[in-house]
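Novice: Pasting in a structure now, in structure tokens, and then I'll have a few things to ask.
The values are calculated or read from the model by the stated rules, or taken from the named source; none is laboratory data. As the structure is a computational prediction, the values presented were derived from the model and not from experiment. No Cβ is skipped: glycine too gets one built from the backbone with ideal geometry, and neighbour counts run over all protein chains shown.
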Amino acid sequence: MTYRFDFSFLAERWPAFLEGAWLTIQLTVVSIALGFVLGTLCAVLRVYGGGLVRRVIGVYVELIRNTPLLVQIFIVYFGLASLGLKLSAELSAIIALVINVGAYTTEIMRAGIESTGRTQLEAADCLGLTRLQTILHIVLLPAMERVYPALSSQFVLLMLASSVTSQISAEELTAIANVIQSDTYRSFEVYLVVAVVYLALSFLYRFGFWLIGRLLFVRRRKLGTAI
Amino acid sequence: MNQFTSVHVIYLLEAARWTLLLSLIALAGGGVLGLALALGRVSRLRILRGLAIAYIQIVQGTPLLVLLFLSYFGLSLAGYRLDPLVAAGLSLTFYVGAFLGEIWRGCIEAVPRTQWEASDCLGLNRFQQYTHVILPQAVRIATAPTVGFMVQVVKNTSLASIIGFVELTRAGQIVNNSTFQPFLVFLIVAAIYFAICYPLSVASRVLERKLHVAR
Amino acid sequence: MSQDSAVAGRPGRDPDGPANASEVVVSVQGVTKYFGPLKVLDGVSLEVRQGQLVAIVGRSGSGKSTLLRCMNGLEPIQGGRIVICGHDVGIGKSNRAELRRDVGMVFQSYNLFPHFTVERNITLALTLVKKNPKAEAARIAAEVLALVGLADKSSAYPEQLSGGQQQRVAIARSLALSPQVMLFDEVTSALDPELTVEVLKVMEDLAQRGMTMVLVTHEMAFARRVADQVVFMHKGKVWESGPTAQVFAHPTTAEFTQFIGTGL
């Protein structure tokens, strides 16, 4: 049985794919940024906080990492609505994504923070730095540099995982693909194109994170060595 | 609107069995593919390496959901009827294979160079080196991360709901459509996933400590 | 005449006299400390006067590094009393910040911050802790770097420097905060002999300028030449203590005689 591939829809519909990509970028960049802040905060609290704080964050991390993102999204979108809090699909998506990436970031940053040499902390202490100053100036940036590959991989994964937000009709690339394929009946071709677009986005994101790394880690840029 | 009762909970638990089945299929298929890819990645033949790298890069750069759709619609193009289980199993196999391939490649490469040299000096050929010296050690290194990755596999099966396969998440949607209590229903769904995944996560951590892979 | 120099004018050191006139800056009285069931410090007492250089010597495991770390509040003590620059170390952390301003510490592994340049390593505490404005901090940094002979290295990163240079930066970093007392924990032990010389020279220079210094060291020749007081520790106790010349000329214990005999 032969099948004739038909990509003719592209001629007319290609702007929609680009628009979808742009929407995905907006959605995920916001989620990644907020999720990173949340994750770093939780990691700091987890390492330096008291017993109760540590346990609460531990529970948060385990709950998120052991349940599917799709279910988390349903809980935020449908669940909260049934409790009276009706949020838009985009906002629900962002909330779910932020909570999700926050949990993974917590673990990654925690590993980075805990790998700070004890002698570094001692030196900072002996210079009179407060704990907060030590965390901000001495611990965080080198920790982030050490775990940067793991961190950026996780963020790229999040961008790809954002495709499931199409299930609550959030406006992003996969949702647009769903619409197009139902219009054109060229399902396979449409998703093939979408796959290519996501691949391009993956490369774009990886390049973006590389760039950010160059900007943030000045010493590495100048000397070319890992910390 | 129906009341949410224990009947629904049982229905969810029964659907969870399909989640487990799909996970096992994905692991089995993905495992075979992953092994092939890992060996391809470390092969001395440039073309094998290139193919393996290309496959892994492409699959890892594509959302699982899109792979799922491709498998689902691709099946019908190939002349088969649309079967959600087959489509889900296929796409998960492709997906899991890529990730396991990467993980296992890392484990093979983590076996010290000196092991290759020693076995080579003893006169073992490449195949013997692999089967008797390298892979056994790589398996030991791979145990913890593989168990950890199983958590991802179980979670990923939730996407099969989107193409209509009735596993735990889809069952949750069905129950919700009947009882209209999404918060309660999906919380229980999450709890069941947690009950499956958390022990695996803990096991992975315990294994990592016990096998204490030197870094 | 305010903070014009990092090492403000101090009474000149009198290498021969017992310096009875200067005040006691560090007072350690009957200190005991345990690591679990192990008693590492057993009734240790010593006194350091202003402007003195005190060398604490002994074999590995004698407790000398532990004593130094206790002096700075890095380790808690279980018995006795330590008063350093008027601060009672060992009671709560309330006076910690002031203690840190008055007491500087240099470590065996330098502990420079690798992600900062040499200059930033020095100005960090100046801006954050002493709240100096940036220009003032930069000026002080340049001054102390010149003191240790590394004026041209201010924009280098620690990994670009040799061990001896890094240690000198560490000394400069501590010095920049104008401490009253500086503690040195085996600062040359991790260095090759050639690099040790340059660091010892800086330390001797500091001593000439009147800095009160407590050294834990293996450099016996240096201690003998430069220290005012020598304290010999063995198995957590002080076995010898007194003016350098006297202790070396007339040791009272066999352990010390054995110790300097082996040249450790």
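Novice: Return yes when residue C:128 is under 24 Å from residue A:136 (Cα atoms), within 13 Å of chain A (Cβ to nearest Cβ) and touching a Phe, Trp or Tyr at 6+ places or on another chain (Cβ under 9 Å) and no when it is not.
Specialist: Spelling it out, it is not the case that residue C:128 is under 24 Å from residue A:136 (Cα atoms), within 13 Å of chain A (Cβ to nearest Cβ) and touching a Phe, Trp or Tyr at 6+ places or on another chain (Cβ under 9 Å).
Novice: Let me ask something additional. Conditions: (1) under 29 Å from residue A:58 (Cα atoms); (2) buried (at least 20 other Cβ atoms within 10 Å of the Cβ). Residue A:177 meets all but one. Number of the miss?
Specialist: Condition (1) is where residue A:177 drops out.
Novice: List the number of the failed condition for residue B:48; all other conditions in (1) surrounded by 15 or more Cβ atoms within 10 Å (Cβ to Cβ); (2) in contact (Cβ under 8 Å) with a residue 12 or more places away in the chain hold.
Specialist: That leaves (2) as the condition not met.
Novice: Another one. Among the candidates A:83, A:52, single out the residue that is facing chain B (nearest Cβ under 9 Å) and over 20 Å from the mean Cα position of the chain (by Cα).
Specialist: When all the criteria are applied, what remains is A:83.
Here is a yes/no grid of residues against (1) charged (D, E, K, R); (2) buried (at least 16 other Cβ atoms within 10 Å of the Cβ):
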site: B:81; (1), (2): yes, no
site: B:85; (1), (2): no, yes
site: B:102; (1), (2): yes, yes
site: B:110; (1), (2): no, no
site: B:114; (1), (2): no, no
site: B:130; (1), (2): no, yes
site: B:133; (1), (2): no, yes
site: B:138; (1), (2): no, yes
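Novice: Right, next: Search the stretch C:47-61 for residues that are over 20 Å from residue C:248 (Cα atoms) and pair each with any residue that is surrounded by 24 or more Cβ atoms within 10 Å (Cβ to Cβ) when their beta-carbon atoms are under 7 Å apart and the residues are at least 6 apart or on different chains.
Specialist: C:50/C:212; C:51/C:212
Novice: Which one of these does residue B:175 not meet: (1) farther than 30 Å from residue B:202 by Cα; (2) surrounded by fewer than 19 Cβ atoms within 10 Å (Cβ to Cβ); (3) away from every other protein chain (no Cβ under 11 Å); (4) not polar (S, T, N, Q)?
Specialist: (2)
Novice: More than 14 Å from the chain's Cα centre (by Cα) and small (Gly, Ala, Ser): is that true of residue B:118 in this structure?
Specialist: yes
Novice: Any idea how many residues of the stretch C:102-125 are at the interface with chain A (Cβ under 8 Å from one of its Cβ atoms), within 16 Å of residue C:168 (Cβ to Cβ), hydrophobic (A, V, I, L, M, F, W, C) and not in a loop (DSSP other than H, G, I, E, B)?
Specialist: Selection size over the stretch C:102-125: 1.
Novice: In the stretch B:39-74, which residues are assigned to a helix (DSSP H, G or I), within 21 Å of residue B:138 (Cβ to Cβ) and of a type in the set (Ser, Thr, Tyr)?
Specialist: B:55
Yes or no, residue by residue, for (1) closer than 19 Å to residue C:150 by Cβ; (2) of a type in the set (D, E, K, R); (3) at pLDDT below 90:
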{"residue": "C:178", "(1), (2), (3)": "yes, no, no"}
{"residue": "C:188", "(1), (2), (3)": "yes, no, no"}
{"residue": "C:202", "(1), (2), (3)": "yes, no, no"}
{"residue": "C:205", "(1), (2), (3)": "yes, yes, no"}
{"residue": "C:217", "(1), (2), (3)": "no, no, no"}
{"residue": "C:227", "(1), (2), (3)": "no, no, no"}
{"residue": "C:232", "(1), (2), (3)": "no, no, no"}
{"residue": "C:254", "(1), (2), (3)": "no, no, yes"}
{"residue": "C:261", "(1), (2), (3)": "no, no, yes"}
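Novice: Please find, within the stretch B:178-195, the residue that is nearest to residue B:155 (Cα to Cα) out of those that are of a type outside the set (S, T, N, Q) and surrounded by fewer than 20 Cβ atoms within 10 Å (Cβ to Cβ).
Specialist: B:194
Novice: Taking the conditions exactly as written (modelled with pLDDT under 95 and either within 14 Å of chain B (Cβ to nearest Cβ) or surrounded by fewer than 17 Cβ atoms within 10 Å (Cβ to Cβ) (or both)), does residue A:118 satisfy them or not?
Specialist: yes
Novice: Let me confirm something: among B:149, B:94, B:99, which residue is in a helix (DSSP H, G or I), over 24 Å from residue B:209 (Cα atoms) and not aliphatic (A, V, I, L, M)?
Specialist: Checking each option against the conditions leaves just B:94.
Novice: Output the residue which, of all residues in the stretch B:73-122 that are more than 14 Å from chain A (Cβ to nearest Cβ) and among the charged types (D, E, K, R), is nearest to residue B:41 (Cα to Cα).
Specialist: Top of the filtered list is B:105.
Novice: Looking at (1) more than 23 Å from residue A:14 (Cα to Cα); (2) among the aliphatic types (A, V, I, L, M); (3) in a helix (DSSP H, G or I), which is the one condition that is false for residue A:190?
Specialist: Looking at each condition in turn, residue A:190 falls short on (1).
Novice: Something else about it: Residue by residue through the stretch B:75-94, note down the ones that are more than 16 Å from the chain's Cα centre (by Cα) and touching a residue at least 12 places away in the same chain (Cβ under 8 Å).
Specialist: Listed by number, the residues that qualify are B:75, B:84.
Novice: Okay, moving on. Taking the stretch A:80-121 only, how many residues are small (Gly, Ala, Ser), part of a loop (DSSP other than H, G, I, E, B) and under 26 Å from residue C:107 (Cα atoms)?
Specialist: Counting residues in the stretch A:80-121 that are small (Gly, Ala, Ser), part of a loop (DSSP other than H, G, I, E, B) and under 26 Å from residue C:107 (Cα atoms) gives 2.
Novice: Residue C:214 fails exactly one of the following numbered conditions: (1) of a type in the set (A, V, I, L, M); (2) part of a strand (DSSP E or B); (3) over 20 Å from residue C:65 (Cα atoms). What is the number of that condition?
Specialist: Failing condition for residue C:214: (3).
Novice: Among the residues of the stretch C:47-65, count how many are surrounded by 22 or more Cβ atoms within 10 Å (Cβ to Cβ) and assigned to a strand (DSSP E or B).
Specialist: Number of matching residues: 7.
Novice: Is it the case that residue B:124 is surrounded by 13 or more Cβ atoms within 10 Å (Cβ to Cβ) and either closer than 23 Å to residue A:177 by Cβ or within 18 Å of the chain's Cα centre (by Cα) (or both)?
Specialist: Judged against the criteria, residue B:124 is not a match.
Novice: Quick one: which of C:31, C:24 is more than 12 Å from every other protein chain (Cβ to nearest Cβ), over 30 Å from residue C:143 (Cβ atoms), of a type outside the set (Gly, Ala, Ser) and in contact (Cβ under 8 Å) with a residue 12 or more places away in the chain?
Specialist: Result: C:31 is the single residue among C:31, C:24 that is more than 12 Å from every other protein chain (Cβ to nearest Cβ), over 30 Å from residue C:143 (Cβ atoms), of a type outside the set (Gly, Ala, Ser) and in contact (Cβ under 8 Å) with a residue 12 or more places away in the chain.
Novice: I would also like to ask the following. Taking only pairs six or more apart or across chains, which ones have beta-carbon atoms under 7 Å, a first residue in the stretch B:14-38 that is more than 27 Å from residue B:189 (Cα to Cα), and a second residue that is among the charged types (D, E, K, R) and buried (at least 21 other Cβ atoms within 10 Å of the Cβ)?
Specialist: Taking only residues 6 or more apart or on different chains, the pairs are B:38/B:105.
Novice: Give the number of residues within the stretch A:1-58 that are under 30 Å from residue A:111 (Cβ atoms) and in contact (Cβ under 8 Å) with a residue 40 or more places away in the chain.
Specialist: So the answer is 20.
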